[in-house]
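Engineer: Sharing a structure below in C-alpha cells format, with a few things to ask.
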Amino acid sequence: SQQGEEDPQALSIQEGENATMNCSYKTSINNLQWYRQNSGRGLVHLILIRSNEREKHSGRLRVTLDTSKKSSSLLITASRAADTASYFCATDGGGKLVFGKGTKLTVNP
Amino acid sequence: DTAVSQTPKYLVTQMGNDKSIKCEQNLGHDTMYWYKQDSKKFLKIMFSYNNKELIINETVPNRFSPKSPDKAHLNLHINSLELGDSAVYFCASSQDRVREQYFGPGTRLTVT
C-alpha cells in the first residue's frame, strides 16, 4: 500500500522564492528520503533523514521530520529555474522504499 | 562515467511479445532494484536483489522474471507483454537496503 503522500501535488513559484513540500506517511519508518526527478530522467537522491533525526541540511535544501505527526517537509531556498522537477518522498520501513506520488515544482524565471 | 545504466532506453513492441531490459551498475553496490513508474508518475518497487539473491518480490505477475547473473547486473524479462505493461521501468542500486538508491535513466516500454 502507498506510504508517502506529498502535498501539494503541484507548486509554481518565481525564481528566488522558497519552495516547501510536505510528505505524510502512515506507519513507522527507519528513514525517509527525498528524491528529485527531472522530466524524462531517473530519480536523483537528495537527502536521507533517519527516524531519530529532526532536521537535516544539504546546500539549499532543508528537511524536517516529525515522527509523532508522521510527516516531513522539504524546503528549497532561493529557488532556481533548474530546480523545476518532480520531488518525491520515500519511506523505508522494512528495507524497501515506498514512494509518494510526488510534488511537481515549477520555478519560473 | 554512468553509475547505473539501462538498455534499451526505449522499447516499442506488440502485445504477446517477450522482451528484456538490462541493467548494470558500476558502483560496487550489493543491492539492486526494479521499479515501475506508471503514467501518473507513481513509482512502485517490483523486485530487489541482494548479492544475487532475490529479497523483495512484490505482487508482480509471474510474466515478469528478474535475473541477476552477478552483483553488478540485474535484468528484467517480460513474457507475453500486455497493454498494461506500458510504463517506464527504472533500475536502481544501493550499498545496502537502508541507504540511498541510485537510479538508472529508465526504459520507456510501449506495448501496442
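The values are calculated or read from the model by the stated rules, or taken from the named source; none is laboratory data. Bear in mind the structure is a predicted one, so any value in this text is a computation, not a measurement. Cβ placement follows ideal geometry from the backbone for every residue including glycine, while neighbour counts extend to all protein chains displayed. In case anyone asks, the SASA skips ligands and DNA or RNA and just uses the protein heavy atoms, side chains included. Shrake-Rupley method; radii C 1.70, N 1.55, O 1.52, S 1.80 Å.
Engineer: Estimate for me the total accessible surface buried between chains B and A (protein heavy atoms, probe 1.4 Å, no ligands or nucleic acids), in Å² to the nearest 100.
Structural biologist: It comes to approximately 1500 Å² buried between B and A.
Engineer: Next up: Taking +1 at the Cβ of each Lys and Arg and -1 at the Cβ of each Asp and Glu, which of B:Leu76, B:Tyr33, B:Tyr10 sits farthest along the dipole of the range B:1-80 towards its positive end, judged by Cα position relative to the Cα centre?
Structural biologist: So the residue we want is B:Tyr10.
Engineer: Which whole-number percentage describes the relative contact order of the range A:27-84, with Cα contacts under 8 Å and a sequence gap of 6 or more?
Structural biologist: Contact order relative to length: 24 percent.
Engineer: Sequence gap at least 6, Cα distance under 8 Å: using those rules, report the relative contact order of chain A to the nearest whole percent.
Structural biologist: 39
Engineer: Give the accessible surface of the range A:38-109 per residue, rounded to a whole number of Å², with probe radius 1.4 Å and ligands, DNA and RNA excluded.
Structural biologist: For the range A:38-109, the solvent-accessible area averages 45 Å² per residue.
Engineer: Output the Kirkwood hydrodynamic radius of the range A:27-84, Cα pairs only, in Å rounded to one decimal.
Structural biologist: Its Kirkwood hydrodynamic radius stands at 12.4 Å.
Engineer: Can you tell me the Rg and Dmax of the range B:4-111, counting just the alpha carbons, in angstroms?
Structural biologist: 12.9, 38
Engineer: Ignoring ligands, DNA and RNA, what percent of the accessible area of the range A:6-109 is carbon or sulfur (1.4 Å)?
Structural biologist: 45
Engineer: Further question on the same structure: Can you send over the carbon and sulfur percentage of the accessible area for chain B, probe radius 1.4 Å, protein chains only?
Structural biologist: With neighbouring chains kept in place, the figure for chain B is 48 percent.
Engineer: Take every Cα pair under 8 Å in chain B that's 6+ residues apart, average their separations, divide by the length, and report that relative contact order as a whole percent.
Structural biologist: Dividing the mean separation by the residue count of chain B yields 37 percent.
Engineer: Enter the accessible area per residue of chain B (Å², integer; probe 1.4 Å; all protein chains in place).
Structural biologist: Heavy-atom accessible area per residue stands at 50 Å².
Engineer: Springs between alpha-carbon atoms under 10 Å, Gaussian network over chain B: tell me which of B:Glu24, B:Glu100, B:Glu53 tops the mean-square fluctuations.
Structural biologist: B:Glu100
Engineer: While we're here: Give the calculated FRET efficiency between B:Leu27 and A:Glu5 to the nearest 0.05, with a Förster radius of 30 Å applied to their Cβ-Cβ distance.
Structural biologist: Between B:Leu27 and A:Glu5 the formula returns 0.50.
Engineer: Under a 5 Å amide H to amide H cut-off, with H placed in plane at 1.01 Å, what residues pair with A:Thr84 once short-range neighbours are removed?
Structural biologist: Residues meeting the amide H criterion: A:Val107.
Engineer: Count the lysine pairs in chain B whose Cα atoms lie under 23 Å apart, taking only pairs 8 or more positions apart in sequence or on different chains.
Structural biologist: Lysine pairs meeting the criterion: 29.
Engineer: What net charge is computed for the residues neighbouring A:Gly95, neighbours being all others with C-beta under 15 Å from the C-beta of A:Gly95, Lys and Arg scored +1, Asp and Glu -1?
Structural biologist: -2
Engineer: Excluding B:Asn50 itself, what net charge comes from residues whose Cβ is under 10 Å from its Cβ, given Lys and Arg +1 and Asp and Glu -1?
Structural biologist: 0
Engineer: How many Å³ per residue does the convex hull of the Cα positions in the protein assembly as shown occupy?
Structural biologist: In the protein assembly as shown, the Cα convex hull volume per residue is 121 Å³.
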